[in-house]
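The values are calculated or read from the model by the stated rules, or taken from the named source; none is laboratory data. On a predicted model such as this, the values are computed, not experimentally measured, just so you know. When we count neighbours, we look across all protein chains shown, and the Cβ atoms used for this are built from the backbone with ideal geometry, even at glycine. To get the accessible areas, we keep the full protein, side chains included, count just its heavy atoms, and leave off ligands, DNA and RNA. Shrake-Rupley method; radii C 1.70, N 1.55, O 1.52, S 1.80 Å.
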Amino acid sequence: IYLTSAVPREGGKPKDQSLRTLCLDPETGATVWDVEVFAQTDDQTENIHGKNSHASPTPVARDERIYIHFGTQGSACLSLDGEIIWSTKVLEYSPVHGNGSSPVITDNAMIVSCDGSNAQFVAALDIENGTLKWKKERLPTPSGVPQKFAFCSPRLIHIDGQDLVVSPAANNVIAYSPETGDEIWNVEYKG
């Protein structure tokens, strides 16, 4: 079982956090390994809602790798033994109430929704090295309502022979090409 966690750093300032990935034995619950992936310092820490965590996004395990996303604090890929293969802090935005979007993995990308107070976009990181493949700003809704922050995770779907990444935003749901990030369709909803 693979999990992420955020715990106070020993001897650190009040908001210092150790952003970690853990592997647990599914039969016993024993910790197999526990690795610090990012060290979040007091001056880098975003405010979060009391019901949130700095490690809210769920990790994804696929093809002998684990992909994790800590929002603006970084994204990474680890081996099943806990070795960090790559890590990046290329995605910058100001989350409201903390991070919430879990990643989705395609054939060659880790895709995340980043809907903060200052920027709203969907981005794809190369699963081999973490470099930015594409980043698409959220467009206004069909009626022109401005985007606002959101906490949704994207989902990979297959319709009529075409793969789509469907990513809900604050006032609309958008389907993107997983290869290019091009918007395929955009449906507005209220609230």
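Mind checking whether some residue in the stretch 160-167 is farther than 29 Å from S79 by Cβ, of a type outside the set (G, A, S), at pLDDT below 90 and open to solvent by 40 Å² or more (accessible area, probe 1.4 Å)? If you could, list the steps in order and put the result at the bottom.
Initially, the stretch 160-167 is screened for residues farther than 29 Å from S79 by Cβ, giving 160-162, 164, 166.
With the extra rule that they be of a type outside the set (G, A, S), the set shrinks to 160, 162, 164, 166.
Going one step further and asking which of them are at pLDDT below 90, we end up with none.
No, the stretch 160-167 contains no residue that is farther than 29 Å from S79 by Cβ, of a type outside the set (G, A, S), at pLDDT below 90 and open to solvent by 40 Å² or more (accessible area, probe 1.4 Å).
Where residues in the stretch 76-98 are touching a Gly at 6+ places or on another chain (Cβ under 8 Å) and modelled with pLDDT of 95 or more, which of them is farthest from D63 (Cα to Cα)?
By that ranking, first place goes to T88.
Could you please find all residues in the stretch 168-179 being buried (at least 18 other Cβ atoms within 10 Å of the Cβ) and among the β-branched types (V, I, T)?
Answer for the stretch 168-179, where residues must be buried (at least 18 other Cβ atoms within 10 Å of the Cβ) and among the β-branched types (V, I, T): just I174.
In the stretch 113-136, is there at least one residue being more than 22 Å from K89 (Cβ to Cβ), among the basic types (K, R) and either crowded, with 19+ Cβ neighbours inside 10 Å or in contact (Cβ under 8 Å) with a residue 24 or more places away in the chain (or both)?
So far as the stretch 113-136 goes, no, none of its residues is more than 22 Å from K89 (Cβ to Cβ), among the basic types (K, R) and either crowded, with 19+ Cβ neighbours inside 10 Å or in contact (Cβ under 8 Å) with a residue 24 or more places away in the chain (or both).
When you look at A55, is it out of contact with any His (no Cβ under 9 Å at 6 or more places or on another chain) and aliphatic (A, V, I, L, M), yes or no? Don't jump to the end; show me each part of the working.
Values: out of contact with any His (no Cβ under 9 Å at 6 or more places or on another chain): yes; aliphatic (A, V, I, L, M): yes.
So A55 passes the test.
Can you find, within the stretch 70-115, the residue that is farthest from V165 (Cα to Cα) among those that are in contact with a His (Cβ under 9 Å, 6 or more places away or on another chain) and polar (S, T, N, Q)?
Step one: filter the stretch 70-115 for residues in contact with a His (Cβ under 9 Å, 6 or more places away or on another chain), giving 70-71, 73, 75-76, 91, 96-99, 101-103, 110, 112.
Now restrict to residues that are polar (S, T, N, Q): 73, 75, 99, 101-102.
Details: Q73: 23, S75: 19, N99: 19, S101: 14, S102: 13 Å.
By that ranking, first place goes to Q73.
Return the residue satisfying two criteria in turn: it lies in the stretch 76-98 and is within 11 Å of V35 (Cβ to Cβ) and assigned to a loop (DSSP other than H, G, I, E, B), and of such residues it is least open to solvent (accessible area, probe 1.4 Å).
My answer is G82.
Take the conditions among the β-branched types (V, I, T), part of a strand (DSSP E or B), modelled with pLDDT of 90 or more and closer than 18 Å to V7 by Cα and apply them to V122. Does it pass?
The answer is no for V122.
Could you tell me whether I174 is within 29 Å of E64 (Cβ to Cβ) and among the aliphatic types (A, V, I, L, M)?
So I174 does not fit the description; no.
In the stretch 149-159, which residues are open to solvent by less than 20 Å² (accessible area, probe 1.4 Å) and within 12 Å of the chain's Cα centre (by Cα)? Step through it out loud before you land on a result.
Step one: of the stretch 149-159, the residues open to solvent by less than 20 Å² (accessible area, probe 1.4 Å) are 150, 154.
Within the stretch 149-159, P154 is the sole residue that qualifies.
Could you list, ordered by first residue, the pairs with Cβ atoms under 9 Å in which the first is in the stretch 4-33 and within 14 Å of S53 (Cβ to Cβ) and the second is of a type in the set (K, R) and open to solvent by less than 80 Å² (accessible area, probe 1.4 Å), at least 6 apart or interchain?
Here the result reads T4/R20; S5/R20; A6/R20; V7/R20, each pair linking the stretch 4-33 to a residue that is of a type in the set (K, R) and open to solvent by less than 80 Å² (accessible area, probe 1.4 Å).
May I ask you to list pairs of residues, at least six apart or on different chains, whose Cβ atoms are under 7 Å apart, with the first in the stretch 74-101 being over 23 Å from F149 (Cα atoms) and touching a residue at least 12 places away in the same chain (Cβ under 8 Å) and the second being open to solvent by 30 Å² or more (accessible area, probe 1.4 Å) and of a type in the set (D, E)?
These pairs meet every condition: S79/E64; L80/E64.
Among (1) open to solvent by less than 70 Å² (accessible area, probe 1.4 Å); (2) within 24 Å of R155 (Cβ to Cβ); (3) modelled with pLDDT of 85 or more; (4) polar (S, T, N, Q), there is one condition T58 misses while meeting the rest; what is its number?
Evaluating T58 over (1) open to solvent by less than 70 Å² (accessible area, probe 1.4 Å); (2) within 24 Å of R155 (Cβ to Cβ); (3) modelled with pLDDT of 85 or more; (4) polar (S, T, N, Q) leaves (1) as the failure.
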